[in-house]
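The values are calculated or read from the model by the stated rules, or taken from the named source; none is laboratory data. Note that the structure is a prediction, hence the values are computed from the model and not measured. Accessible surface is based on the protein model in full, side chains and every heavy atom, while ligands, DNA and RNA are left aside. Shrake-Rupley method; radii C 1.70, N 1.55, O 1.52, S 1.80 Å.
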Amino acid sequence: MGVADKIRHYLEERLPSNHKGTQLTDNTLLLEQKIIDSIGMLEMVFFIQETFGLEVPDEDISPDHFDTINHLAAYIESRTPDAVH
């Protein structure tokens, strides 16, 4: 399972009740569509740390990295060459 697939699976398991049944794509605007909020961003940081062994510095916790599955995957892959394993 690739990085984007792991992220999508994680998000689908934790979708807010008002988004149940939403089909997430790699370009779904997670923050704009309120799939994740500020607490969701922190939970995503813990998921990234646990799943990919990546320490996420505070300055990297931003909408630039967290707005789509594609951006999250690119961020993780840029920080961890072995992330796809």
Could you sort Thr25, Thr80 by accessible area so the largest value comes first, with the probe set to 1.4 Å? Thr25, Thr80
Show me, for the stretch 20-31, the HN-Hα J-couplings you get by feeding each phi into the Karplus relation (A = 6.51, B = -1.76, C = 1.60, θ = phi - 60°), rounded to Hz, glycine and proline as x. 4, x, 5, 8, 7, 10, 5, 10, 4, 7, 5, 7
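Return the carbon/sulfur percentage of the accessible area of the chain, one whole number, probe 1.4 Å, all protein chains in place.
Summing carbon and sulfur atoms, their accessible area is 49 percent of the total for the chain.
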For the chain, what is the accessible area per residue in Å², given a 1.4 Å probe and the full set of protein chains? 60 Å²
For a test of the definition: using alpha carbon positions, the gyration tensor, and the 1.5 limit on a/c, classify the chain as rounded, prolate or oblate. prolate
Per DSSP H run of n ≥ 4, the term is -39500 (n - 2.57); total these for the chain, divide by its residue number, and report the mean residue ellipticity at 222 nm rounded to 500 deg cm²/dmol. -14500 deg cm²/dmol
For the chain the mean separation of alpha carbon contacts under 8 Å (6+ apart) over residue count, i.e. relative contact order in percent, is 42 percent
Looking at the square roots a ≥ b ≥ c of the eigenvalues of the Cα gyration tensor of the stretch 1-50, which shape do they give, rounded for a/c under 1.5, prolate if a/b is larger than b/c, or oblate? oblate
